[in-house]
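The values are calculated or read from the model by the stated rules, or taken from the named source; none is laboratory data. Bear in mind that the values here come from a model prediction, so they are computed numbers and not experimental data. We place every Cβ from the backbone using ideal geometry, glycine too, and count neighbours over all the protein chains shown. Heads up: the accessible areas ignore ligands, DNA and RNA and are worked out on the full protein's heavy atoms, side chains in. Shrake-Rupley method; radii C 1.70, N 1.55, O 1.52, S 1.80 Å.
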Amino acid sequence: MVMKNSKLERYEKLNKLGEGTYGVVYKAREKTTKELYALKKIRLESEDEGIPSTAIGEISLLKELQHPNVVRLHDVIHSNKKLVLVFEFVDQDLKKFMNNFKDKGLDPHIIKSLLYQLLKGIEVCHKNKILHRDLKPQNLLISKECILKLADFGLARASGIPVKNYTHEVVTLWYRPPDVLLGSKHYSTSIDIWSIGCIFAEMVNLKPLFPGNSETDELKRIFKLTGTPCVEKWPGLADLPNWKADAFEKYPGEPLQNICPKLDELGLDLLGKMLRCNPQERITAKAGLEHPYFNDIPDTLKKLYQSN
Ligand code: ADP
Ligand code: MG
């Protein structure tokens, strides 16, 4: 399944789509089929270092993961210096999509549909023991038909491929849960649910929920909304490396409705269940999909999953 370098020549490189932490993403056209793809080049740390077999295993797992809400990985091209991942091409990402609606706002049905798809995609990942760990609007792709696809699984992050940090780009804190900000090393599926909550609120308000500029500022913004947590209600808190009982002002918290006035009651209830500081209280993707907020999801959307 890992292909020889010559396979790259099958693709005609078009424009650059993005440049992130680990490499460059190009739009490309397969020369014979004229099909469009996104080629993600990952720089490896050193030329003599191969790719650990565990990483290859993880990539092949993603290749097997065929779901309407996960970007299709068509191919993996591996030369000793580079790893090129060949993905289906998708028109835009959620950040650009939201920008287009800055003035008129996003239709509540569109928000609901996108959130449903986001949860469907992450549910299948979690079922396969894959954590995303970097969910944010730039890493969610939206097709012309309004199908959402999870992208940028950071195979690098997750599996110890020795990659080079390409741009020294600052990793955004805005979608990071408080337990991780407080130094928890215990990554679990709940990390992705927090991010999804932040994205949900951002689709409603068309601005980021917690745009912090440092870890402390990020936590402060979170606690202002959720209330500053305490060991009585969250026993694991005392064990987190960066938690000090008197380091944070004791905020009482705010009703979510003040922050997302456009969201209906069921939506606010679901959002509240995602934005729990204690990761063990956070709703799972599976339970989230069964929340009454989704009772009026159209059948056309459900049809998408009938063969899955
Ligand atoms: P990284 O953030 O590690 O650089 P990403 O996989 O997130 O890499 O890709 C960077 C950007 O390129 C994305 O935010 C998106 O705008 C664009 N992009 C990524 N994958 C695709 C794809 N399959 N189709 C279209 N655009 C893509
Ligand atoms: Mg990205």
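Tabulated values for the structure
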item	result
Top of V231, V76, V90 by mean-square fluctuation, Gaussian network on the chain, Cα under 10 Å	V231
Per residue value of the accessible surface for the stretch 92-304 (all protein chains in place, 1.4 Å probe), Å²	49
Cleavage-rule hits (GluC sites (Glu not before Pro)) in the stretch 69-148: DSSP loop, at most 14 neighbouring Cβ within 10 angstrom	E145
Dipole moment magnitude, nearest 20 debye, the stretch 171-308 about Cα centre, only Lys, Arg, Asp, Glu C-beta charged	180
The chain: equivalent-ellipsoid semi-axes (sqrt of 5 x gyration tensor eigenvalues, Cα, Å)	34, 24, 17
Debye, to nearest 20: dipole size of the chain, +1 on Lys, Arg Cβ, -1 on Asp, Glu Cβ	800
With all protein chains modelled, accessible area of I56 [1.4 Å, Å²]	40
M274 - accessible surface, heavy atoms, 1.4 Å probe, Å² rounded to 10	0
For the stretch 221-249 versus the stretch 55-129, the gap between their alpha-carbon centres in whole angstrom	33
Under the Karplus curve 6.51 cos²θ - 1.76 cosθ + 1.60, θ = phi - 60°, whole-Hz ³J(HN,Hα) for the stretch 258-272, x wherever Gly or Pro sits	5, 8, 10, x, 7, 8, 6, 4, 5, x, 5, 5, 5, 4, x
Accessible area of H74 in the full protein assembly, 1.4 Å probe (Å², nearest 10)	70
R0 of 22 Å, Cβ-Cβ distance Q138-K41: FRET efficiency to nearest 0.05	0.80
Candidate residues E265, E35, E64: accessible-area rank, largest first, probe 1.4 Å	E265, E64, E35
Among H126, H109, H186, residue whose mean-square fluctuation peaks in a GNM of the chain (springs only between Cα atoms under 10 Å)	H186
Given K16/K207; K185/K207; K112/K144; K7/K31; K95/K136; K40/K286, the pairs whose alpha carbons are separated by over 19 Å	K16/K207; K185/K207; K40/K286
